[in-house]
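Please read the structure below before turning to the comments.
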Amino acid sequence: GTLGVIGGFGVAATIVSGILLPSDGDRNLIVDAAPNGDDASSSSSTTQQQSEDGGENNLFTSAGQILSIPRVQFIFVASFLRFCSGLMIGVWAAPYFKQAFPDDAAQYAVVNAFIVGGLGMTSGILGGYIADGLGSWVKKSNEEALSGADTEEGTPSSTGMTSILRDNFDEETIRLLLPIVGSLLAIPAWYQATHAGTNFEASMFWLGVEYLVAECWFGPTIAVLQSSVGASRTGTAQGLFVLTGAFANSAPTLLGWIYGNKVIDSTTSSSSEVLAGLLSVGVCAGYLLSSVFFLVSASASASANGGGGLRRVAQDTKDEE
């Protein structure tokens, strides 16, 4: 019932966004290809884009072009896994904590509202702010390196962490450090939250830490996704992202089915212990795998089929000019 409605909404959102959202047409490519008003470069990039589109910009053409970009493919896989972990927590955290701490059920409702609303919102805002700062830092670092601004005193730093980040991330993909690191830090925090024994305060503390480090992923991911597909495809890309979250609703459903069978078969463990074990494995595995795919997406090509990326087409055209 509920999962069907959510899934249907995701499908509907994808279709409606592809049909109703206006296309930017060639405007994005013209801006990228000819920031100084180079008409020849603009014309060349426009022709290439029209060739890719086949003269049309319909839903299925746009979706196909978006999904042909390797970086976007990995972002969607990583986002699906990250959604799975978040939805398993969203659906099954309350039943678990009420089973594990029956005397603190009322207190849990208040604390959980503060954690989800307060710390979750704070994490999201800080994640976007830090991601923008990282992007600006990489841009400035690259400009200094290209202009030969590195001094002799600064040479040691160029072989350390600064060099590693600069060599493996660009101005856009550096933002993916937030979901990568955040997901990894959320693993021990969530495990501690579900294995705090009878200490309710400790469990809530780790739950708060988990939300604070984990919920920073959304904004940076959307930013990299949109920059990878180009401005004329952001609506469809956003719809596909919503659909990815809808598909992830299968995770708490599957966990519930396994939980029901485990409780029936278990003769030595309580229902809360069974649920704690399943949540630990499911949520932590989702976090770990999502961080791996976010890392892979950062190094993947942003060009469709290895050479037709929407933004890179314009840049390549400019370079050839």
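The values are calculated or read from the model by the stated rules, or taken from the named source; none is laboratory data. Everything quoted here is computed from the prediction, not taken from an experiment. Quick reminder, even Gly has a Cβ in these numbers, built from the backbone with ideal geometry, and neighbours come from all protein chains shown. The protein model used for the area step is the full one, side chains on, heavy atoms only, and it has no ligands, DNA or RNA in it. Shrake-Rupley method; radii C 1.70, N 1.55, O 1.52, S 1.80 Å.
Checking Ser271, Ser228 one by one, the residue that is more than 20 Å from Leu289 (Cα to Cα), open to solvent by 20 Å² or more (accessible area, probe 1.4 Å) and among the hydroxyl-bearing types (Ser, Thr, Tyr) is Ser271 and no other.
Restricting to segment 213-233, name every residue that is among the β-branched types (Val, Ile, Thr) and in contact (Cβ under 8 Å) with a residue 40 or more places away in the chain.
First, pick out the residues of segment 213-233 that are among the β-branched types (Val, Ile, Thr): 213, 221-222, 224, 229.
The answer is Val213, Thr221, Val224, Val229.
Within segment 274-297, the set of residues being more than 30 Å from Ile69 (Cα to Cα) and either aliphatic (A, V, I, L, M) or open to solvent by less than 20 Å² (accessible area, probe 1.4 Å) (or both) comprises Val274, Leu275, Ala276, Leu278, Leu279, Ser280, Val281. Looking at this structure, is Asn261 at negative phi and surrounded by fewer than 18 Cβ atoms within 10 Å (Cβ to Cβ)? Judged against the criteria, Asn261 is a match.
Can Ile125 be described as in a helix (DSSP H, G or I) and surrounded by 16 or more Cβ atoms within 10 Å (Cβ to Cβ)? Before you say what the answer is, go through the steps one by one.
Values: in a helix (DSSP H, G or I): yes; surrounded by 16 or more Cβ atoms within 10 Å (Cβ to Cβ): no.
Judged against the criteria, Ile125 is not a match.
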